[in-house]
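The values are calculated or read from the model by the stated rules, or taken from the named source; none is laboratory data. What you see is a predicted model, and the numbers here were worked out from it, not measured in a lab. FYI the Cβ positions are ideal-geometry reconstructions off the backbone, even for glycines, and counts take in every protein chain you see.
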Amino acid sequence: MDRSRLLAMLHDMLLARKFEERAAEEYTKGNIAGFLHLYPGEEAVAAGVMHASEPGDYIVSTYREHVHALIRGIEPKRIMAELFGRKDGCSGGMGGSMHLFDRARRFMGGYAIVGETYPVSLGIAYAIAMRELPEAVICFFGDGAVNQGTFHESLNMAALWRLPILFVCENNHYQIGTEIHRHSAVAEVYKRACGYRIPSRRVDGMDVLAVHQAATAALEQIRAGTGPQFLEMETYRFRGHSMADPGNYRPSVEVKAHQQDDPLLVAIEETLPYYPSSEEIQAAGHDVIKQLSDHMNNEGHLDQAGFDSVAKQIDDIIEDAVQFALNSPDPTMQDAWDALYCNRGEEVLI
Ligand SMILES: Cc1ncc(C[n+]2csc(CCOP(=O)(O)OP(=O)(O)O)c2C)c(N)n1
Ligand SMILES: [Mg+2]
C-alpha cells in the first residue's frame, strides 16, 4: 500500500478519535441529547473498510456510525450539527446521532434497531443485482446483532441469490454489558456465515492494514458478482456502550489490556519503516498522539512541525464543526412535514 493511503487512513483515525471525544464533551455540556454511542478503540475497522470502498458502493450502518459517516466523506460540521439536532445536520436535524444519512455519498443510514441493517442491505443489494451493476453494499452490525432472526433470514437470502453484500461484524465482545461468551452459543462469529456457505474470515480489527486488505479483496470479488462475503472484525470499544453507560461491568485490567492494543498505535507502527518494540510502545503510555509525534520526530520520518500542522488542521475542523452546529437553527414543523413527504412517487435508490 502506498504511503499516501496510509497517511490518509491515519489522518482519518485521528479525526475520528478527536471528533468522538469532542462529541462526548458536547454531550456533557447538554448540547447533544438522547443516546450517543461512541467509537474510540474501533477506528481501524471503519478506516480500513471505508478506504476499501468505492463511491458506487452503499453503506448501511448501526447507531455507532459517526465514524463510518465521517470517513465516507460527510462533512464533520454536518455530522456535528445532526448530533446537535440542528437544521443544517446531514439529516436535517431530525435524525440525531443514530440516524445519519447522505444519499449522494450512498450512506444509507444509521439504524437504531439491532439487526436492522441486514434487511435494508438485502433490499439495496437485490436492486443492484437486478440491474447487474458492479456495486456492493457494506453492511455493518455488532456481535450482539448476530442473534437476531433477521441475521439468519438475510444471510440465507443473500447467499441463495448471490447478492453483492459485504457483511462486516464489528465484534467488540460486548452487547451493552453482556460479554460475548454470555450472549452467544458460538462466539467465533465468522463461523455462523459458513452455515450459509458465505466465504467468511476473522480479521484483526485493531490493525488498519489487515482490515483494509481483507475488505479490498472481499469487495473486489463481490463487485465481480461472486455473491456475499463476511468479515468478523475483532475490536474493542474503549468507552461504555453509550454516554449513559459508565461501563463498570468490565474489569479495568481488561480495558487497559485492550488500550495497549490501540489501533492508532498499530496504524502508526505500520506507517513507519521502523517498528518500535512493545516495550517502547508501553513506555510511551496511552497518549497515542504524543507517542506518534515523539516517535516520528525521533526517527525523522515526519518532523514535528509537519505533525503539528496535521493535528492543528484536525482541531480546527472540529472547532469549526462545533461552531457550525451551535449557529445552526432548530428544524421547524414545516421542515418535518417536507421531510415526511419528500419521497412521494419517487424512486429512492440512486
Ligand atoms: C431489536 C433491538 N433490541 C434491543 C435493542 C437495545 N440495544 C441497543 S444497542 C444493543 C446492543 C447491541 O450490541 P452489539 O450488536 O454488539 O453492538 P455494539 O453496541 O457493541 O456496537 C441493544 C441490545 C435495540 N436497539 N434493538
Ligand atoms: Mg458489540
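Among the criteria (1) touching a residue at least 40 places away in the same chain (Cβ under 8 Å); (2) more than 16 Å from ligand 1 (Cβ to nearest atom); (3) in contact with a Cys (Cβ under 8 Å, 6 or more places away or on another chain); (4) not hydroxyl-bearing (Ser, Thr, Tyr), the one residue 136 does not fulfil is (3). With respect to residue 286, determine if the residue is in a loop (DSSP other than H, G, I, E, B), of a type outside the set (Ser, Thr, Tyr) and either buried (at least 16 other Cβ atoms within 10 Å of the Cβ) or modelled with pLDDT under 65 (or both). Yes; evaluated as a whole, the condition is true for this residue. The residues on offer are 78, 64, and the sole one that is within 16 Å of ligand 2 (Cβ to nearest atom) and not aromatic (Phe, Trp, Tyr) is 64. Listed by first and then second residue, the pairs linking a residue in segment 107-122 that is over 14 Å from residue 167 (Cβ atoms) to a residue that is more than 15 Å from ligand 2 (Cβ to nearest atom) and of a type in the set (Gly, Ala, Ser), with Cβ atoms under 7 Å apart and 6 or more places separating them unless they lie on different chains, are 107/69; 110/95. Among all residues of segment 40-47, there is none that is over 18 Å from residue 143 (Cα atoms) and modelled with pLDDT of 95 or more. Among the residues examined, residue 21 does not qualify as touching a residue at least 40 places away in the same chain (Cβ under 8 Å) and acidic (Asp, Glu). If you check residue 211 against the conditions, is it closer than 25 Å to residue 57 by Cβ, assigned to a helix (DSSP H, G or I) and of a type in the set (Val, Ile, Thr)? Here the answer is yes, as residue 211 does meet what is asked. Is it the case that some residue within segment 255-272 is modelled with pLDDT under 80 and part of a loop (DSSP other than H, G, I, E, B)? Yes, some residue in segment 255-272 is modelled with pLDDT under 80 and part of a loop (DSSP other than H, G, I, E, B). Pairing each residue of segment 169-198 that is more than 25 Å from residue 214 (Cα to Cα) with any residue that is more than 8 Å from ligand 1 (Cβ to nearest atom) and not in a loop (DSSP other than H, G, I, E, B), provided the two are 6+ apart or on different chains, yields C-beta distances under 9 Å for 183/147; 185/147.
Residue count for segment 146-176 under the criterion of being within 12 Å of ligand 1 (Cβ to nearest atom), crowded, with 21+ Cβ neighbours inside 10 Å and either part of a strand (DSSP E or B) or aliphatic (A, V, I, L, M) (or both): the result is 6. Looking at segment 90-133, which of its residues are of a type in the set (A, V, I, L, M, F, W, C), outside any loop (DSSP other than H, G, I, E, B) and either surrounded by 23 or more Cβ atoms within 10 Å (Cβ to Cβ) or more than 16 Å from ligand 1 (Cβ to nearest atom) (or both)? Hits for segment 90-133 are 107, 108, 122, 124, 125, 127, 128, 129, 130. Does any residue of segment 49-57 turn out to be at pLDDT 95 or above, within 16 Å of ligand 1 (Cβ to nearest atom) and buried (at least 22 other Cβ atoms within 10 Å of the Cβ)? Yes, segment 49-57 has at least one match.
One residue alone among 59, 74, 79 is of a type outside the set (Gly, Ala, Ser), in a helix (DSSP H, G or I) and under 15 Å from the mean Cα position of the chain (by Cα), and that residue is 79. Within the set 232, 220, the sole residue that is outside any loop (DSSP other than H, G, I, E, B), farther than 22 Å from residue 18 by Cα and free of Cβ contacts under 8 Å to residues at least 60 places away in the same chain turns out to be 220. Of the residues making up segment 104-138, those that are within 21 Å of residue 72 (Cα to Cα) and among the acidic types (Asp, Glu) are 116, 135. Every condition in (1) assigned to a strand (DSSP E or B); (2) away from ligand 2 (no atom under 16 Å from the Cβ) holds for residue 140 except the one numbered (2).
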